[in-house]
Amino acid sequence: MRQHKRNLVAGGICCAILITSISMIEAGGFIRIRPSGDVYRWDDSVPVPYNPDQGMLGMLSNTDAVNMVNDNLLYRRAVSLS
């Protein structure tokens, strides 16, 4: 009985430590920071280059995959954001 109680206490402590350490993890931070401490930013005055990969996408051929992306990009342009 004492051993069982000790195992429960040890397990509770391990869970508490795990939960506390997980809550300290931050997601969505900056990918790159310059040595000066500034964040790298994309120059939005220049269009983003569109250069699709030349390989396959799962069972889709390269042509089918590129056409699927192009169709989705056209759909996104047609959708009103207001």
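Each reported figure results from applying straightforward, stated rules to the coordinates on display, with no laboratory input. Bear in mind the structure is a predicted one, so any value in this text is a computation, not a measurement. Neighbour counts run over all protein chains shown; Cβ positions are idealised from the backbone, glycine included.
What ranking, highest mean first, results for peptides 4-14, 32-42 when packing means the other Cβ atoms within 10 Å averaged over each residue?
By packing density, highest mean first, the sequence is 4-14, 32-42.
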What FRET efficiency comes out for the pair Trp42/Ile19, r = Cβ-Cβ distance, R0 = 41 Å, nearest 0.05?
-> 0.65
